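Data block below; observations after.
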Amino acid sequence: MLKNVKFETSVFSKDKLVKTDLKQIVLVGKSNVGKSSFINALANHKGLAKVGQTPGKTKCLNYYNVNNEFYIVDLPGYGYSTMSASEKANTSKLINYYIENNSNICHIFFLVDIRHKPTNDDRIMYEWLLEKNIPFTIIANKADKIAKTKIDSYLLEITKALFAKEEIIAFSSQNKQNLEIIENKINYLIK
């Protein structure tokens, strides 16, 4: 469990991005993949990140300060969004600007839904992460929704669909499956 995780701010425009020397761990994934639940599991605090009922409502970057040591930054989800074309364009520009002008990003957690084959948007995100050359880990979320005996075959499907060379970690915010592995990874990253 991460200590003292506090929601700090939501940022809707590049001039409001948090100016800090603290390292940042970034969360990406499609709308409804469970990024908020992932944050809540890490913080052991159910209501910290608001879990949206309508996918794609988040149009901002959400900063979570962890013990004044580093930030977890949750990027807007892609996919099902209810955003207009101009809102989508503005959100994409904000995300690109944030990633490209930020030397404090030390790692990205790329969340996918273990139950579904990666979408075209997931493949685009995967290629984009490779192109940006920032270290990342693929998290296959919602692992509690499938039988334990099937997890490896679902992970293999994701690996094949993305042509991924990276290890994929099955995770559940419900039963905290592999939470310790992710916490250890974060502790290593922020040293």
Expected unfolding gain across Trp128-Asn184 under the 0.36 nm per residue rule, minus the alpha-carbon gap, is 17.6 nm
Can you give me the distance in nm between label points at Lys117 and Thr20, each placed 7 Å from the Cα along the Cα-to-Cβ direction?
4.0 nm
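Mind running the shape call on the stretch 3-75? Use the C-alpha gyration tensor, a ≥ b ≥ c as the square roots of the eigenvalues: rounded below 1.5 for a/c, prolate if a/b tops b/c, oblate otherwise. Display every interim value, and only then the final one.
Details: a/c = 1.98, a/b = 1.16, b/c = 1.71.
It is oblate, given that a/c is not under 1.5 and a/b is not larger than b/c.
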Below 12 angstrom from the Cβ of Leu75, what's the summed charge of the other residues (Lys, Arg +1; Asp, Glu -1)?
+2
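Of all the accessible heavy-atom surface of the stretch 58-152, with the other protein chains kept in place and a 1.4 Å probe, what percent is carbon and sulfur?
Working: 2060 of 4510 Å².
That fraction is 46 percent.
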Considering the zone a paramagnetic label at Asn68 would reach in this model (a point 7 Å from Cα along the Cα-to-Cβ line), which residues of the stretch 3-41 have amide N under 18 Å from it?
3-9, 19-24
Percent RCO, i.e. relative contact order, over the stretch 1-51, from Cα pairs under 8 Å lying at least 6 residues apart
46 percent
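Determine the shape class of the stretch 33-135: with a ≥ b ≥ c the square roots of the Cα gyration tensor eigenvalues, call it rounded for a/c under 1.5, and otherwise prolate if a/b is greater than b/c, oblate otherwise. Intermediate values should be presented prior to the final figure.
Numbers: a/c = 1.33, a/b = 1.10, b/c = 1.21.
Rounded shape, in that the Cα axes give a/c under 1.5.
Using Cα pairs under 8 angstrom and six or more residues apart, how large is the relative contact order of the stretch 86-191, in percent? Can you show the working numbers first?
Working: 111 pairs, mean separation 28.3, N = 106.
Over the stretch 86-191, the number comes to 27 percent.
For the chain, what relative contact order do you get, as a whole percent, if you take Cα pairs closer than 8 Å and at least 6 residues apart?
Details: 330 pairs, mean separation 45.7, N = 191.
Here the relative contact order equals 24 percent.
Using the C-alpha atoms of the chain, what convex hull volume per residue, in cubic angstrom, is computed? Walk me through the intermediate numbers first.
Numbers: hull volume 21.2 nm³, N = 191.
Normalising the Cα hull of the chain by residue number yields 111 Å³.
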Which shape class, rounded, prolate or oblate, goes with the stretch 106-191 when its Cα gyration tensor gives a ≥ b ≥ c as root eigenvalues, a/c under 1.5 marks rounded, and past that a/b bigger than b/c marks prolate?
oblate
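The values are calculated or read from the model by the stated rules, or taken from the named source; none is laboratory data. Predicted model, so just to flag it, every value in this text is computed and none were measured. Glycine also receives a Cβ, built like all others from the backbone with ideal geometry; neighbour counts cover every protein chain displayed. These accessible areas exclude ligands, DNA and RNA; they are computed on the full protein's heavy atoms, side chains included. Shrake-Rupley method; radii C 1.70, N 1.55, O 1.52, S 1.80 Å.
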